[in-house]
Every structure is written in structure tokens, then in C-alpha cells.
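**Student:** Have a look at the structure that comes next, please.
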Amino acid sequence: MFTGIVEELGEVTGIEQAGDFAGDAVRLTVRGPVVTADAAHGDSIAVNGVCLTVTAASGETFSADVMKETLDRSSLGALTAGSRVNLERAAKVSDRLGGHIVQGHVDAKAEVVERTSGSRWETVRFSLPAGLARYVVEKGSITVDGVSLTVASVGADSFTVGLIPTTLDLTTLGAKGIGAPVNLEADVIAKYVESLMTHVQAGA
């Protein structure tokens, strides 16, 4: 479980075929001194919003195996050596919930559609896949590349968020150009409410 508050910008240092899963997985190595300070085998670290399990940690880097399903359903398949990534360690029960409840389970890929600059902030529009639109509401929460954001507006096939200087400077969202891919995770509470209401209506 995560909160969508990015701890640091990491860098991909290596991508190689995972030997035990030839053709179905890659081994991703990432440099991130903050998140690796106490990382151990089996820990969870979110990389651009995708929950990955640490398979090895040494110095300022950690490695994780990424299965084909994850590569297909997220933007991790587009990463190359040198790519910057948003990193967050799994939350402790005693932590403040600075963002919102984030599972690290990507619902869909989207892309940057438009950027509008302000004096010290930007409004960014992202595409919104049809299957995810029902979970996105104005002033609600959404996770974009692992960053907890508040939805400013929602259209038929897109939504906008406002990015403050801290988010622009300390996450990958500050450098994403038009057409760049991002990972989306909708608020899990909305999914549970939908599921419960579906069962209630079926029972009625």
C-alpha cells in the first residue's frame, strides 16, 4: 500500500531479460538512494505507480522482476536505461496519509494531451480510457505515474489536474511532453462502492 507521495526521482540503470522467465519478464535495476536506504529482499517499491517487489538491493540500487502482464498493462515496458522514474516505498501503518490510498495496481495507460503553463504552476490534461471514466470525478483523487493528484475537471475522454512547483520539480510529470505515456490508478474506494452497489441492486 502507498500514498502517492513520491519520495524521490530515481533513474533506471539497467534492463535485462530475467533468466528464470525468458521471454516473459525483464529485470529492472533502478538507482534511488532514498528508497534503498532500508530496502531488503521482498520489500515493495512503487516505480511510476507500479508496485514492484525488490529482488536485490545493493548500495543505491535495487532490482525487481517485471512480468509480461505488467509490461503490457503499464508504461514500464517503454523504459530504457537512463529513464527517470517516480519512487515510493510502501507506507508504514504509522505514516501520515499525505495523499490517498494507492495500491500500486495500474488500471490503464494514458497519455499527456495538453499542458497549460501558469505563473508558477501548470494545468495538464491526460487522456481517460472509457473503462476508467466512471471512477474519475471532479475534486476526487487519481494516481498518475504514482503521484496522488486531485482531479480539476473531467471530460468525456480526458481529465485535468493542476501541478504545483513541487510536483513539477520533484516528479517525472514536470518533464512529460505531449503524447508521453503515463500510468493511471483510480481511487480504489470508488471501485468498492461500485461493486457493493452492484451486489445490492442484484439482491434487490
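**Student:** Suppose we keep only residues that are more than 22 Å from ALA180 (Cα to Cα) and in contact with a Leu (Cβ under 9 Å, 6 or more places away or on another chain) within the range 37-51. Which one would you say is least open to solvent (accessible area, probe 1.4 Å)?
**Tutor:** In this case the residue turns out to be ILE45.
**Student:** Moving to a separate point now. Hey, any hits in the range 11-33 for a residue that's under 22 Å from LEU149 (Cα atoms) and either in contact with a Leu (Cβ under 8 Å, 6 or more places away or on another chain) or surrounded by fewer than 17 Cβ atoms within 10 Å (Cβ to Cβ) (or both)?
**Tutor:** No, the range 11-33 contains no residue that is under 22 Å from LEU149 (Cα atoms) and either in contact with a Leu (Cβ under 8 Å, 6 or more places away or on another chain) or surrounded by fewer than 17 Cβ atoms within 10 Å (Cβ to Cβ) (or both).
**Student:** Mind checking which residues of the range 84-112 are in a strand (DSSP E or B) and either surrounded by fewer than 17 Cβ atoms within 10 Å (Cβ to Cβ) or free of Cβ contacts under 8 Å to residues at least 60 places away in the same chain (or both)? Please lay out each step first, then the result.
**Tutor:** Step one: list which residues in the range 84-112 are in a strand (DSSP E or B), which gives 84-89, 102, 108-112.
Within the range 84-112, ARG84, GLU111 meet the criteria.
**Student:** Let me ask something else. Among (1) open to solvent by 30 Å² or more (accessible area, probe 1.4 Å); (2) more than 15 Å from the chain's Cα centre (by Cα), there is one condition VAL124 misses while meeting the rest; what is its number?
**Tutor:** Among (1) open to solvent by 30 Å² or more (accessible area, probe 1.4 Å); (2) more than 15 Å from the chain's Cα centre (by Cα), VAL124 violates only (1).
**Student:** Also, I was wondering about something else. Among the listed residues GLY10, GLY59, GLY19, GLY77, identify the single one that is closer than 26 Å to GLY98 by Cα and either at pLDDT 95 or above or of a type outside the set (D, E, K, R) (or both).
**Tutor:** None of the others qualify; the one that does is GLY10.
**Student:** Moving on. Going through the range 161-200 one residue at a time, which ones are of a type outside the set (A, V, I, L, M) and either surrounded by 13 or more Cβ atoms within 10 Å (Cβ to Cβ) or assigned to a strand (DSSP E or B) (or both)?
**Tutor:** Result: GLY162, THR167, THR171, THR172, GLY174, LYS176, PRO181, ASN183, GLU185, ASP187, LYS191.
The rows are residues; the columns are (1) small (Gly, Ala, Ser); (2) touching a helix residue (DSSP H, G or I) at 6+ places or on another chain (Cβ under 8 Å); (3) without any contact (Cβ under 8 Å) to a residue 40 or more places away in the chain.
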residue: HIS41; (1), (2), (3): no, no, yes
residue: ALA46; (1), (2), (3): yes, no, no
residue: GLU60; (1), (2), (3): no, no, yes
residue: ALA64; (1), (2), (3): yes, no, yes
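**Student:** Next question. Within the range 58-83, track down each residue that is open to solvent by less than 50 Å² (accessible area, probe 1.4 Å) and in a strand (DSSP E or B).
**Tutor:** Scanning the range 58-83 gives THR61, PHE62, SER63, ALA64, ASP65, VAL66.
**Student:** Test SER158 against the stated conditions and say whether it is open to solvent by 10 Å² or more (accessible area, probe 1.4 Å), within 11 Å of the chain's Cα centre (by Cα), among the hydroxyl-bearing types (Ser, Thr, Tyr) and modelled with pLDDT of 95 or more. I'd like the intermediate steps shown before the answer.
**Tutor:** Working: open to solvent by 10 Å² or more (accessible area, probe 1.4 Å): yes; within 11 Å of the chain's Cα centre (by Cα): no; among the hydroxyl-bearing types (Ser, Thr, Tyr): yes; modelled with pLDDT of 95 or more: yes.
The answer is no for SER158.
**Student:** Within the range 143-160, track down each residue that is assigned to a loop (DSSP other than H, G, I, E, B), closer than 16 Å to THR3 by Cα and among the small types (Gly, Ala, Ser).
**Tutor:** Of everything in the range 143-160, just one residue is assigned to a loop (DSSP other than H, G, I, E, B), closer than 16 Å to THR3 by Cα and among the small types (Gly, Ala, Ser), namely GLY146.
The values are calculated or read from the model by the stated rules, or taken from the named source; none is laboratory data. Fair warning: this is a prediction, and the values are worked out from it, not measured in the lab. Glycine gets a Cβ as well: all are built from the backbone with ideal geometry, and neighbour counts include every protein chain shown. For the accessible areas, the whole protein counts, side chains as well, though only heavy atoms, and no ligand, DNA or RNA atoms are used. Shrake-Rupley method; radii C 1.70, N 1.55, O 1.52, S 1.80 Å.
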